[in-house]
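The values are calculated or read from the model by the stated rules, or taken from the named source; none is laboratory data. These numbers were taken from a predicted model, which means no experiment stands behind them. All Cβ positions, glycine included, derive from the backbone under ideal geometry; neighbour counts span all protein chains shown.
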Amino acid sequence: MGEPECDGTLERFVRTLKERYIYLHRFQSLPEARRIIGQFIPRYYPARLIERLGHRTLTHSRADNLGRAA
């Protein structure tokens, strides 16, 4: 079934992407748009604190999980 809390996470991502990149740039080409927007993703996720992960970043949560699995 659907998970509404995941919808909120995605909606926040799209909102931030639009506010910081889409609305502020006048892209000259599709490759330029892909390059600039592609730079956003690695900057967004490592710094984003996620409530369901105990207000930790996805990077920290993954590292903890990988450490426990080893």
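The table that follows gives values for the structure above.
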| quantity | calculated |
| --- | --- |
| Among residues of segment 27-69, those that are outside any helix (DSSP H, G or I) and surrounded by 11 or more Cβ atoms within 10 Å (Cβ to Cβ), counted | 6 |
| Matching residues in segment 44-70 - criterion: being within 20 Å of residue 11 (Cβ to Cβ) and either at pLDDT 80 or above or more than 10 Å from the chain's Cα centre (by Cα) (or both) | 49, 50, 51, 52, 53, 55, 57 |
| Some residue of segment 35-42 being modelled with pLDDT of 90 or more, of a type in the set (D, E, K, R) and over 10 Å from the mean Cα position of the chain (by Cα) | yes |
| Of all residues making up segment 13-25, the number that are surrounded by 10 or more Cβ atoms within 10 Å (Cβ to Cβ) and over 14 Å from the mean Cα position of the chain (by Cα) | 2 |
| Failed criterion for residue 28 (all others in (1) of a type in the set (S, T, N, Q); (2) within 15 Å of the chain's Cα centre (by Cα); (3) over 25 Å from residue 7 (Cβ atoms) hold) | (2) |
